[in-house]
1. Looking for whichever is at positive phi and either touching a Pro at 6+ places or on another chain (Cβ under 6 Å) or not small (Gly, Ala, Ser) (or both) here; the options are Gly103, Gly55. Which one fits?
2. Determine which single condition Phe42 fails, assuming it passes every other condition in (1) among the aromatic types (Phe, Trp, Tyr); (2) farther than 17 Å from Leu109 by Cα; (3) surrounded by fewer than 20 Cβ atoms within 10 Å (Cβ to Cβ).
3. If we scan the stretch 28-39, do we find a residue that is modelled with pLDDT of 75 or more, at negative phi and touching a His at 6+ places or on another chain (Cβ under 9 Å)?
4. All but one of (1) surrounded by 13 or more Cβ atoms within 10 Å (Cβ to Cβ); (2) out of contact with any strand residue (DSSP E or B) (no Cβ under 8 Å at 6 or more places or on another chain) hold for Asp117; state the number of the condition that does not hold.
5. Determine, yes or no, whether Ala131 is under 15 Å from Pro58 (Cα atoms) and exposed (fewer than 15 other Cβ atoms within 10 Å of the Cβ).
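The values are calculated or read from the model by the stated rules, or taken from the named source; none is laboratory data. Quick caveat, the model's predicted, so the values are computed rather than measured. Here the Cβ positions follow ideal geometry from the backbone for every residue, glycine too, while neighbour counts run over all protein chains shown.
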Amino acid sequence: MPRIPRLLIAAVLLCAAAAALLLAIRWYEESFREAGERAAMFSGEALKLPAELAGPGPVRLVHFWDPACPCNVGNQQHLAEMLLRYRDAPVAFYAVQRPGSRGKLPPPLQAIETLTDFPGSETLPASPAVALWDARGELVYLGPYSEGAVCTSDNSFVEPIIDALLAGRQVRATQALAVACFCDWPHNAR
């Protein structure tokens, strides 16, 4: 039986490794095609607090998220920082998970109450997103946590709005065109 030259074996292995690498890159690109920095138009016209949360109360923050969205990574760290920052303030935190998705918030965020039915959430263009209601129960903000690919307290829209609400100032920013890291919300999924 003739011996197969080592050079031929090395060439076959190299071709197989290159093919596997190309397949892995293609899978990654296909998996995250719908995620990334892009523009989204938010409109809060249809978004309403569920009946049990409506009316006067604390400032309410509702976090809309999709467990499969890679944009959540920095966003969830930012949300954990806000939980600590406002732990002694009249701010209530809630989460709405993308319908039909599976997953859990990471341990620092598992104290956030999960809402399963949220009126108007089907009109969201993308996630992660945040909605804020003032102490009277009126929607005052709907949009991203920040603009750009990375979400932190340094570039956040949310903390200044919460601080203004806690200081008794009125805010109204329920329409927003923003460029940030987003994934499609259900009605936009392809």
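1. None of the other options fit; the residue is Gly103.
2. So the condition that Phe42 fails would be (3).
3. The answer is no, given that none of the residues of the stretch 28-39 is modelled with pLDDT of 75 or more, at negative phi and touching a His at 6+ places or on another chain (Cβ under 9 Å).
4. So Asp117 meets the others, but not (1).
5. Numbers: under 15 Å from Pro58 (Cα atoms): yes; exposed (fewer than 15 other Cβ atoms within 10 Å of the Cβ): no.
So Ala131 fails the test.
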